[in-house]
Amino acid sequence: MHKLTLKELSAQLQARKISATELATLFLDRIEASDLNAFLHVDRALTLAQAQAADVRLAGNDAGPLTGVPIAHKDIFVTRNWRTTAGSHMLQDYVSPFDATVVEQFNAAGTVTLGKLNCDEFAMGSSNENSFYGPVKNPWDKTAIPGGSSGGSAAAVAARLAPAATATDTGGSIRQPASLCGVTGIKPTYGSVSRYGMIAFASSLDQGGPIAKTAEDCGLLLNAMTGFDERDSTSLQRPKEDFTRSLNQSLQGLRIGVPREFFGAGLAADVEAAVRGALAEFEKLGATLVDISLPKTELSIPVYYVIAPAEASSNLSRFDGVRYGHRAADYKDLAEMYKKSRAEGFGEEVKRRILVGSYVLSHGYYDAYYLQAQKIRRLIAEDFQRALAGENRQCDVIMGPVSPTVAWDLGDKTDDPVANYLADIFTLSTSLAGLPGMSIPCGFGQGGKNAKRPVGLQIIGNYFDEARLLNVAHQFQQATDWHLREPA
């Protein structure tokens, strides 16, 4: 039963072939037996209470497509009754008095919460090694990182500890771990999913999205989690839509843009081979490959690592030891309490980004760094618009690798933060432009001594083009079985 897709589980529940309580118990037992460190907080009593409520709805024919389906939430979304730590010592025992909008929406849909998932501290990282609670292990090879910051979400779905999970993407934190763990994940257009109750990292970049086994499952999850929220000033006022409406459309005539900048030096040969193989499969499905250029791609790393730390330094100023979060035990005055509480509560990567962000926002450097980065950000977005928009658009979607390599070994890059940053080269530009993007499994590369590690294909579309992306991904998944492969 744990190997079924979310849609298949929904059908089993609707047909009364299994109860929500039985299904939740099955997954809770798997979580309890796991050694991946994917979950930070599991409460069997809370989960089973939700499952019993779902069974009442199912028995009363008051059920939707997600009623009774178990999911898990990244520990960036605040949850009533469950601890919310953001992977940080700063929030070690924090329990929110309210639910994030995304959590509210899934609760209303009748889903059953399995627990809270491990992540890089305050979503800052590409390997899940920045969590105060220890790194998550990649289920394909436990000596490898799962990707970050949503490593717990991707690993849990890949290991069949949960059929689906929520995640967040600031610079690639849905797509990159989905790629490295061999599952499907989508970052929707910025503003499509409410950020209310999502602990902020970089407010102009943070966006919630789902991770699941298939594109179809991701569409069902997006149906629940998108929508306008007046409590979020960046939430877009758009009518609700069915993201699964176009799944069965033919790909005949689809134009796929292949950016030459995505296939240059630094891309591992095994990753390129898997991605090229996927592109060839799309040609068999009727699509045409178009050579395009996104010339500002290489600037996305310096731009992102100016803008994101700047916004982080502002957002994380609220964690001062006064109202909530860690407070130092020994201090002489208020200023020392601030310093000690933040020094003890934040990890090294978070401190690094706060310092960088404070520097680029400081007097004399704002114009030279932050303002300049915002101007280049606009140029990056214009690159995409020339390719995807207007009467003279070159293509319908853009495809390429998600990560330049397969998952690396735990500890390989912990002493070199810049090497970690460079791993985001293919995902950052999409986030800076606010475009939707997704990752789907497309093969394997060589990692470690003899283990095969997953490779993901990135699919990027124009604003609000999620239904098309899901259709493209679904058609690929109907023709291949990479998404059905699972770790031992």
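Quick one: length gained pulling residue 143 to residue 378 fully straight, 0.36 nm per residue minus the C-alpha distance? Please list the in-between numbers first.
Working: separation 235, 0.36 × 235 = 84.60 nm, distance 3.94 nm.
Length difference between fully extended and current span is 80.7 nm.
Taking a ≥ b ≥ c as the square roots of the eigenvalues of the alpha-carbon gyration tensor, segment 363-423 is classed oblate because a/c is 1.5 or more while a/b is no larger than b/c.
Gain on full extension, evaluated as 0.36 nm per residue between residue 344 and residue 464 minus their Cα-Cα distance, stands at 39.0 nm.
Between residue 231 and residue 415, the simple label model (points 7 Å from Cα in the Cβ direction) yields a spacing of 4.6 nm.
Under 5 Å from the amide H of residue 255 lie the amide H atoms of 288, 396, 397, each residue being 5 or more positions distant or on a separate chain, with H modelled from the backbone and absent for Pro and chain starts. Looking at this model, which pairs from 137/375; 116/332; 213/452 are more than 29 angstrom apart at the alpha-carbon? Over 29 Å apart, Cα to Cα: 137/375; 116/332.
In terms of accessible area, using a 1.4 Å probe and ignoring ligands and nucleic acids, 206, 465 rank largest first as 465, 206.
Only DSSP H runs of four or more residues enter the estimate; each adds -39500 (n - 2.57), and after division by the residues of the chain the mean residue ellipticity at 222 nm equals -11000 deg cm²/dmol.
From the P(r) of segment 273-335, could you give the percentage of C-alpha pairs in the tail past 17 Å?
Values: 1369 of 1953 pairs.
In whole percent, the share of Cα-Cα pairs in segment 273-335 beyond 17 Å is 70.
Go ahead and run the numbers for FRET between residue 4 and residue 392, Cβ-Cβ distance against an R0 of 51 Å, rounding to 0.05.
On the way: r = 45 Å, r/R0 = 0.88.
That gives a FRET efficiency of 0.70.
Heavy-atom accessible surface of residue 90, to the nearest 10 Å², is about 0 Å², with a 1.4 Å probe and all protein chains retained. Largest first, the extents of the alpha carbon coordinates of segment 66-105 on the three principal axes equal 34, 17, 14 Å.
At most 15 other Cβ atoms within 10 Å plus a DSSP loop assignment makes a site exposed; report the longest stretch of the chain without any exposed GluC sites (Glu not before Pro). Write down the numbers at each step before the final one.
Values: sites that count: 230, 241, 391.
Counting only loop sites that pass the neighbour cut-off, the longest clear stretch is 1-229.
Take the Cα of residue 26, step 7 Å toward its Cβ, do the same at residue 289, and the gap between the two points is 4.0 nm. Both radii are taken from the alpha-carbon atoms of segment 182-264; with Rh as the Kirkwood radius, Rg/Rh is 1.03. The modelled label-to-label distance for the pair residue 260/residue 330, using points 7 Å beyond Cα in the direction of Cβ, is 6.3 nm. A DSSP coil position with no more than 13 other Cβ atoms inside 10 Å describes the following chymotrypsin sites (Phe, Trp or Tyr not before Pro) in segment 62-135: 98. Its Cα gyration tensor gives the chain an equivalent ellipsoid. The semi-axes, each the square root of 5 times an eigenvalue, are 31, 30, 21 Å from largest down.
So how much slack lies between residue 45 and residue 246, counting 0.36 nm per residue of separation and subtracting their Cα-Cα distance, in nm?
Details: separation 201, 0.36 × 201 = 72.36 nm, distance 3.91 nm.
Contour length minus Cα-Cα distance gives 68.5 nm.
When both segment 1-33 and segment 334-364 are represented by their alpha-carbon centers, they are found 44 Å apart.
Leaving out ligands, DNA and RNA, what percent of the accessible area of the chain is carbon and sulfur, probe 1.4 Å? Don't jump to the answer; show the numbers that get you there.
On the way: 9230 of 18120 Å².
Ligands and nucleic acids excluded, carbon and sulfur reach 51 percent.
When segment 305-369 is described by a simple charge dipole with +1 on each Lys and Arg Cβ and -1 on each Asp and Glu Cβ, the residue from 345, 361, 316 located farthest towards its positive end is 345.
With the convex hull of the Cα atoms taken as the outline of segment 98-197, the averaged projected area works out to 6.3 nm². Straight Cα distances below 13 angstrom link residue 340 to the aspartates and glutamates 320, 330, with same-chain residues fewer than 8 positions distant left out. Would you give the gap between the C-alpha center of segment 221-275 and the C-alpha center of segment 390-449, rounded to a whole Å? Here the two parts' Cα centres lie 14 Å apart. Per residue, the solvent-accessible area of segment 366-488 (1.4 Å probe, heavy atoms of protein chains only, all protein chains present) comes to 39 Å².
Quick one: if you take sqrt(5λ) for each eigenvalue of the C-alpha gyration tensor of segment 1-133, what semi-axes come out, biggest first, whole angstrom? Walk me through the numbers before you get to the answer.
Working: eigenvalues 151, 50, 29 Å².
Calculated on Cα positions only, the semi-axes equal 27, 16, 12 Å.
What shape does segment 432-488 have by the C-alpha gyration tensor, where a ≥ b ≥ c are the square roots of the eigenvalues, rounded means a/c under 1.5, and otherwise prolate means a/b greater than b/c and oblate the rest? It comes out oblate by the Cα gyration axes.
The values are calculated or read from the model by the stated rules, or taken from the named source; none is laboratory data. The model shown is predicted, which means the values in this text are computed figures rather than measured ones. So basically every Cβ, Gly included, is an ideal-geometry build from the backbone, and we count neighbours across all protein chains shown. Ligands, DNA and RNA are stripped out before the accessible areas are found, and what is left, the full protein with its side chains, is counted by its heavy atoms. Shrake-Rupley method; radii C 1.70, N 1.55, O 1.52, S 1.80 Å.
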